[in-house]
Structures are given as structure tokens and as C-alpha cells.
Amino acid sequence: MTAFSLEPAQLAWCAELRTLAAQRLRPLADKGEPGHVNRALVAELGSLGLLGRLFTSGALDLCLMRESLAYACTEAETALALQGLGAHPVHAHGTQEQRARWLPRVADGTAIAAFALSEPGAGSDAAALELRAEPESRAEPESPQGEGPPAAPALAAAPDGPARWRLTGEKCWISNAPEADFYTVFARTAPGAGARGVTAFLVPADRPGLTGRGLDMLSPHPIGALDFDAVPVTADDVLGAVDRGFRVAMGTLNLFRPSVGAFAVGMAQAALDATLAHTAGRDAFGGKLRDLQAVSHQVAEMALRTEAARLMVHAAASAHDADAPDVPGRSAMAKLLATETAQYVVDAAVQLHGARALQRGHLLEHLYREVRAPRIYEGASEVQRGIIAKELYARQEAR
């Protein structure tokens, strides 16, 4: 299989997912409360086996799932994606104990995961995060006179126990917060070290000192802020290695960025199909809307951009599955093109539908609110352009 075609079985699976999303997931999504985790919807994703596939599928399968679900039920797509984003670091970097405790519950939809990277002053610049992981110190005996100053405090540990830290600071714009059951939290363990001084921790929501609040956002899925007041964590909570958490974050984002593009493509395709139906049936100026060249050319442009974005998403996902060296650049290109394309297509669809598309409850009114956020989260469009340029210059210098 190339990056530019899908096998018949894959196409059939996508069609099945669109049907499941429309018939079984859409009704549950409609019963949910905007801005809050829809646990019934997440549980249904688990019962259908889709959450379990997050840990057994490659990047291309993830993209096919996200595009297909987004076409018929954006809430289901987002619920699935957030489970994957929050739990992937546990799957890829967790200990046997961490994986055994949390991944089965994520897969069956009984535990809600969240990825806690962004902060009020460190959104796009993830290496600038300030949430502090401060080591607890053991009391050291004073040095005898004449033997110099006391030794530096050591990282606290019980006689047979792990090292300990206290997390202090804030996370903001965290999807599924404050209602998640556990958080993948990125904190600074080495002050002044930039990306090299960040550690990833698995933090259960019931840890003392961890509180949160919901944020009233344009996007209908739950987003909140988290406050860490000396929240205790130990070496048993570390994901990966101490001071190597940035690799955990970037590895997760490189996997999920193409699939953010797939989410966007699903929304664009839904808007395009709605526009085809509307312009083919709407009477205007003695004919149908589609008979107007200005309209037909606009629809053609919408289709062109949607298909181009889909192909780039599939190419980036295939590169990730093949462990290609240019994954960061391809992932950035896929997310950038697809999210910007979806914004254009949905906006054009609203324009061609007219005032009816602005009515609360209309598909395009819903998509118009949904489509804006992906151009910001998991790296804004400007950040993706920076990544692309960095990769291009690095390749040029390596020649």
C-alpha cells in the first residue's frame, strides 16, 4: 500500500465507522453537557473496541478512525483523541505497573486521561514551561567543625523507596481537565535547562494538592486549568526518564499531529458534502445554485483542498509508521495544511448556505465552532511553520 491509496478493507472500515458514529455515538453525544466529559460516550467508544485500538494501531489507522468519526460525530472523535493523547505516554513510556493500572481502564472507557503540557506562559513554547518539580530533601547532619559546609541536600527517598518531588504551579487549557482520572504532567526538574530539564509524570487526579476548574471556551469539549500545590510524586510516577520528558511530549505530538489533520479533513468533508447537497437542490436565479459558475468553482476549490489535505495526512501517517527520519516535518505539514484547509472549507460552506448555516443546531454552525481550535492546539499554525522551516534548513545543511 502506498501513502496515496487505501485498501478496500480500509475503505470498508471507514464506512463502518461513519455508520457507527451516526447511529450509536451521535445520540450519546447529543445527550452530553457541553464543556464536560461525556462518560457515557467514552464508555461506548470502549465497548466498540475503538479505544483499545489506540494502543494497537499505527498512525494511519489512527487517522482513519479520527477522520471517519469526525465526519459524523465530532464529539466522539474528540473523546477518542483525548483518551489517546493522555494515555499514549503511559503506553509508550510507562512502567509495567503504570500500564497495568491505567491502560485497561482507558481502553474500556472507565478512566479518563488528559495530556497536561500547556501553561499560561508556555503554550506554543513547550520548552519554557514553569511547573516546578521540587525535590524533597532529607535532613543531613551538620559537618564537624573544620570539614567545610554541609553536603547539598539529597533527593528524598525512603530507605527502600523512590525519589520524591513536589509539583507546584499551574497548567492551563488542558482538555478533559478538571474531570480526568489521571494526567500526563510535564514539569521542570532542572531549572534553566530548557527542554533538557523537563520530566513527565503520571499524576492520578486524587493526589493531595491537585485542584482544577473548567474554562468556558468556544470549543464544546471540556477544557480546564489545573493548580498544583505541592502535589507529591515519586520516581514510581515518572514516565520515561528524569529530565527527558520533552522527548515523551514530542514523540506523542509527532504521532497525534497528523491525526489532528485527519480530524480536520473529516470536518471539511462533512462541510463539502453538505454544500454539494445544498447547492444541487437550492433554487436560485431561475436554476439551481450549482448552475452558477461562481458557486461551482467555489465547490471545486473546496474539494481540491480537502483531497490535498487528506493525501498529506496519509503521507505523514505512513511516514510515521515506517519510522522515516522526516516525521517531524511531515507531521507539521499535515497538521498545518489540513487545519487551515478545514477552516477555509467550513467558512466557504457557511457562505454558500447563507443565514440558515448560522442557526444554532445546524451542522455548519457546529462545525464553524469546532474547526477553529485545531489551528491552535498541539502547536499553532505558526509553530508548525517554524518546525517545517527548521527541518528544511537542517536537511540543507546536512547535504
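The values are calculated or read from the model by the stated rules, or taken from the named source; none is laboratory data. Only a predicted model underlies this, so the values are computations on that prediction, with no experimental measurement involved. Glycine gets a Cβ as well: all are built from the backbone with ideal geometry, and neighbour counts include every protein chain shown.
Computed quantities for the displayed model
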read-out	value
Restricting the range 121-150 to residues that are touching a Lys or Arg at 6+ places or on another chain (Cβ under 9 Å) and not in a strand (DSSP E or B), the residue that is modelled with the highest pLDDT	Leu131
Cross-chain or 6+ apart pairs with Cβ under 8 Å, the range 361-385 first and not assigned by TED's automatic domain parsing to the domain that holds Ala127 and in a loop (DSSP other than H, G, I, E, B), then surrounded by fewer than 17 Cβ atoms within 10 Å (Cβ to Cβ) and of a type in the set (Gly, Ala, Ser)	Gly379/Ser124; Ala380/Ser124
For Asp291: the one exception among (1) within 18 Å of the chain's Cα centre (by Cα); (2) over 26 Å from Ala315 (Cβ atoms)	(1)
Failed item, numbered, when Glu33 is tested on (1) within 21 Å of Pro89 (Cα to Cα); (2) surrounded by fewer than 13 Cβ atoms within 10 Å (Cβ to Cβ)	(1)
Hits in the range 63-120 - residues which are over 20 Å from Phe263 (Cβ atoms) and either without any contact (Cβ under 8 Å) to a residue 24 or more places away in the chain or in contact with a Pro (Cβ under 8 Å, 6 or more places away or on another chain) (or both)	Gln96, Arg99, Ala100, Arg101, Pro104
Considering residues of the range 337-389 that are of a type in the set (S, T, N, Q) and touching a Lys or Arg at 6+ places or on another chain (Cβ under 9 Å) only, the residue surrounded by the most Cβ atoms within 10 Å (Cβ to Cβ)	Thr339
Filter result for the condition that a residue is modelled with pLDDT of 95 or more, exposed (fewer than 15 other Cβ atoms within 10 Å of the Cβ) and either farther than 30 Å from Arg39 by Cα or outside the structural domain of Trp102 (by TED's automatic domain parsing) (or both), over Pro208, Pro153	Pro208
Matching option when the condition is touching a strand residue (DSSP E or B) at 6+ places or on another chain (Cβ under 9 Å) and in a helix (DSSP H, G or I), among Ala334, Ala355, Ala280	Ala280
Residue in the range 221-242 that is within 23 Å of Pro34 (Cβ to Cβ), modelled with pLDDT under 95 and not β-branched (Val, Ile, Thr) present	yes
Pairs, first part of a loop (DSSP other than H, G, I, E, B) in the range 38-50, second surrounded by 21 or more Cβ atoms within 10 Å (Cβ to Cβ) and not aliphatic (A, V, I, L, M), C-beta under 8 Å, six or more apart	Asn38/Glu75
Failed item in (1) over 29 Å from Arg188 (Cα atoms); (2) in contact with a Phe, Trp or Tyr (Cβ under 9 Å, 6 or more places away or on another chain), with Val248 passing the rest	(1)
Matching residues in the range 39-75 - criterion: being surrounded by fewer than 24 Cβ atoms within 10 Å (Cβ to Cβ) and either of a type in the set (Asp, Glu) or more than 23 Å from Glu7 (Cβ to Cβ) (or both)	Arg39, Ala40, Ala43, Glu44, Gly46, Ser47, Asp61, Glu75
Evaluation of Ser219 against (1) part of a strand (DSSP E or B); (2) touching a helix residue (DSSP H, G or I) at 6+ places or on another chain (Cβ under 6 Å) (one fails), failing number	(1)
